[in-house]
Every structure is written in structure tokens, then in C-alpha cells.
1. For ALA26, which of the numbered conditions (1) under 13 Å from LEU87 (Cβ atoms); (2) modelled with pLDDT under 85; (3) among the small types (Gly, Ala, Ser) fails to hold?
2. Show me the strands (runs of 3 or more DSSP E) found entirely inside region 36-82 where at least 3 residues are closer than 14 Å to TYR25 by Cα and of a type in the set (Lys, Arg).
3. Can you work out which of the residues in region 73-94 that are of a type in the set (A, V, I, L, M) and modelled with pLDDT under 80 is least open to solvent (accessible area, probe 1.4 Å)?
4. Here's a check for you: in region 51-72, which residue that is among the β-branched types (Val, Ile, Thr) and modelled with pLDDT of 90 or more is nearest to LEU23 (Cα to Cα)?
Amino acid sequence: MPFIAYDFSKPDRRRGIAVREVLTYAVGWRKTIVGWVNLRLIDGIDRTVVNLAPQHFFDFVPEAMSDAVSGVVYLSADQVEELGFTLAREEVIA
């Protein structure tokens, strides 16, 4: 069974909120010469580089300006994993 941390700082302390739901992860992005976007998880153990078509990038980051060439965006854990990054690894001990 995985360990789930809870945030009990909210007014409703009976249940708490899973920390995973409130954390954001910094993802650096940079446009390539051909207009696609390379994304990297900043300060993460995963060194994966994800390459997205411009239209898919703007689905994840609608606030990005079309003429910007690089930046940092803060995404939820679900969005980061949907992009293909690994946040935590589960090891099964036999």
C-alpha cells in the first residue's frame, strides 16, 4: 500500500487533502527551430525530454504567449505524468 501524505492545514481537518493534489511541479520549456516545444522536469530525478507539437503544448499551457521561446510552467502531478514524466517509482520487493 503506497504512503499518502495529507495536508491538514485547511479548515476542514477531518479528512485533509492529499498533498499530491496541491503540489505543482516546475517544467521548463523551450521552442525548437521547427516550432515544436521541448519540456524538461526541473529539479526532478527524471531527465526525460518531452517533445510536443505546438497545438498540444498550448493545450497544457494556454497562458503561454505564441511568440515566447522559453519559460517555466507549474503543472499538477497528473498533468506532469500525462506528459510522460515519472514523479515517483514504486519498487516491489519479493
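The values are calculated or read from the model by the stated rules, or taken from the named source; none is laboratory data. Every value quoted in this text rests on a predicted model; they were computed, and no experiment measured them. When we count neighbours, we look across all protein chains shown, and the Cβ atoms used for this are built from the backbone with ideal geometry, even at glycine. For the accessible areas, the whole protein counts, side chains as well, though only heavy atoms, and no ligand, DNA or RNA atoms are used. Shrake-Rupley method; radii C 1.70, N 1.55, O 1.52, S 1.80 Å.
1. Only one criterion is unmet by ALA26, namely (2).
2. No strands (runs of 3 or more DSSP E) qualify here.
3. Restricting to residues being of a type in the set (A, V, I, L, M) and modelled with pLDDT under 80, the top hit is LEU87.
4. VAL72
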